[in-house]
Every structure is written in C-alpha cells, then in structure tokens.
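A quick write-up on the structure given underneath.
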Amino acid sequence: MSITMIGLDTAKSAFQVHAIDETGTAVIRCKLRRNELIPFFEKRDACTIVLEACGAGRHWARTLTGLGHDVKLIAPEAVRPFVKKGKKNDAADAAALCAAASQPGVKFVSAKSLAQQGTLALLSVRSLLVKQQTMLANAMRGLATEFGLTAPQGIGKLEDLMALVDTDEAFPEQARQAFRGLFDQCRVLAERMKTLEAEIVAHARHDENARRLATIPGVGPITSSLIASSVADIGTFKSGRHFAAWLGLVPRQHSTGGKPNYQGRQSGDTQVACLGSNVDDPPGSTME
C-alpha cells in the first residue's frame, strides 16, 4: 500500500484522514483525536498532504512540513464543488480535498510564516477594536439623542457630546452614569488601538516588503503591513490585475447569454477579507 496523497480535514479536536494511492483509490479512512495526529504522520512515509487554507491549516502545514511531508493548502471555495451532495460531513470533506487537489491546474495557497501570522494578529485585533469602538459610539449617540443632545459625526466629537451630557441639568443621573460608562470604555479602546497601531507602524518600518509597498501613493503603514503579512508569495500572482482580483477589487461576474453582469466585490484571502473595511491608516501615519 503506497500512499501518495492524504486529505486532512481539521477541527479543534477531531481530524478526518482520507488517504489515496497513485490510482486514486482510498486506502485509509479514519478519524483521529488531536493527540493522535502527530504520531500518525510520523509513522507515514513522506507524501502530499492537502488541507483547507485557514488559520489552523497554516499551523498544521508548518508542523507537518517539519515532519518531511509536502503540505498543500487549497482555498475552501475550490474544495466545495467536490463535496458529494447530501453527504456534508468530515469524511466527505477530507475526500473532497483529495479530489480537488488532483484536478489539473489547481491553484494552491502559500503557507504563511509565524512572523506573518503574528503581524496579522495585531491587525485582526485592531479591526475588532475598531468595530467595538464604532458600536460604542453609535450607542452613545443614540442614547444622547433620546434626550435631545447631538454632536457632529466622528470619534473625536464624543468628547463634546460627553461635555453636553455633563452640563445638561435635565439629563437623568442614571442615564448620565450609563453614558459615562460607555465613554470610559471608548477611551480604553482608543488607547489599546493606539498601542496596536504603534506596533504595526514599527513593523512597517522594519519589514522590507512593507517599506516598498509604502512608497506607493496612498498606501500607509497599516495597509502595507496587511498586504506584506497576507501575501506569502507574491510570485503566485501573474499580474497586477490578478492581485487586484485576489484583494477583492474586481466585481464578481454572473454573466449569461452573452450579457455581462457584475455583482458585489470578490474577496481573496480570508485574513484580507475580514479586515477589508478596516485597513485605513490612522491620520498622520508616516513611514519617515
């Protein structure tokens, strides 16, 4: 029995293995616990292992590559068509990985390094804090509006809104305390974001790829760090247009009958997609 490819469906504690030989015949189908995974692959001869490109998949790609295996990451949307209808389970997903990776012209995703994922963690946390700050600001404005108080748009205008609440004698004390709690939490988030942004800017100043990207007009340290950390191998893109499509700057095409129809925007790598609306550089950011 000679195993040439293994499809590995990963999860938090359960892992499904689907191994095939050179003829494409399944020779091993089994489920492994987390503590059984490494011993299983240590006993196998070097072969190709296919995983879905996700955060955990990148970790296992680095780990299994260290054991001498050739690990390939494949985008989930490329695997989905090969999952048998009516059989959506871990075993079917593992088998679909092998089927998708066996197709001619399949494109694989480059695995990110630990340093790249570390920087992406900073960007991801910053994105979460931006969303939380926006939620708090909207809640504060909504609460103040209930009592007839408004302020211009912008996070920087919340100080003025807080001043209005403090000086308005008709504002109920219970509501004032609730408003003050939201305002204090918003300031805490702003301080955390400032710390994260300082670390991101420091990375952009020292990373060669990020510095080169920052020379593009309109690209600051946060955007350059995001791209430098998200793209493991820029050589996988054939052209600038190809890269733009991966970023999500090209509309998704739904054309038929010779009539072009473009809808929405197409997202690329998962990390870029989840940060897509929050990668603006802070005002005043500079690489100098």
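If you take the Cα centroid of region 173-209 and the Cα centroid of region 47-89, the two points sit 36 Å apart. The trypsin sites (Lys or Arg not before Pro) of region 162-256 that DSSP puts in a loop, and whose beta carbon has at most 10 other beta carbons within 10 Å, are 238. A full extension of the chain between residue 206 and residue 185 corresponds to an added length of 4.3 nm, given 0.36 nm per residue minus the alpha carbon distance.
Projecting label points 7 angstrom from Cα along Cα→Cβ for residue 46 and residue 132 puts them 4.5 nm apart. Using R0 = 45 Å, the C-beta based FRET efficiency linking residue 263 and residue 23 works out to 0.60.
Each Lys and Arg adds +1 at its Cβ and each Asp and Glu adds -1 at its Cβ; summed about the Cα centre, the chain shows a dipole of about 1160 debye. Normalised per residue, the accessible area of region 1-87 is 55 Å², obtained with a 1.4 Å probe and no contribution from ligands, DNA or RNA. For the chain, adding -39500 (n - 2.57) for each run of n ≥ 4 DSSP H residues and dividing by the number of residues yields -15500 deg cm²/dmol at 222 nm. Compared with the direct C-alpha span, the chain from residue 242 to residue 80 gains 56.1 nm at full extension, assuming 0.36 nm per residue. Taking Cβ atoms as reference points and 10 Å as the exclusive limit, the residues near residue 79 contribute a net charge of -3, counting Lys and Arg as +1 and Asp and Glu as -1. Subtracting the Cα-Cα distance of residue 198 and residue 234 from their residue separation scaled by 0.36 nm leaves 10.4 nm.
When the label point is put 7 Å from the Cα of residue 89 along its Cα-to-beta-carbon vector, which residues of region 1-31 have a backbone N closer than 20 Å? In region 1-31, the label zone of residue 89 (backbone N under 20 Å from the point 7 Å along Cα→Cβ) covers 7-20, 26-31.
In the set (1) 18.5; (2) 22.5; (3) 19.2, the label that goes with Kirkwood radius over Cα pairs in Å computed for this structure is (2).
Each label was represented as a point 7 Å from its Cα along the Cα-to-Cβ direction; for residue 59 and residue 34 these points are 0.7 nm apart.
The values are calculated or read from the model by the stated rules, or taken from the named source; none is laboratory data. Given the structure is predicted, the values throughout are model-derived calculations rather than measurements. Note: ideal-geometry Cβ built from the backbone for every residue, glycine included; neighbour counts use all protein chains shown. Accessible surface is based on the protein model in full, side chains and every heavy atom, while ligands, DNA and RNA are left aside. Shrake-Rupley method; radii C 1.70, N 1.55, O 1.52, S 1.80 Å.
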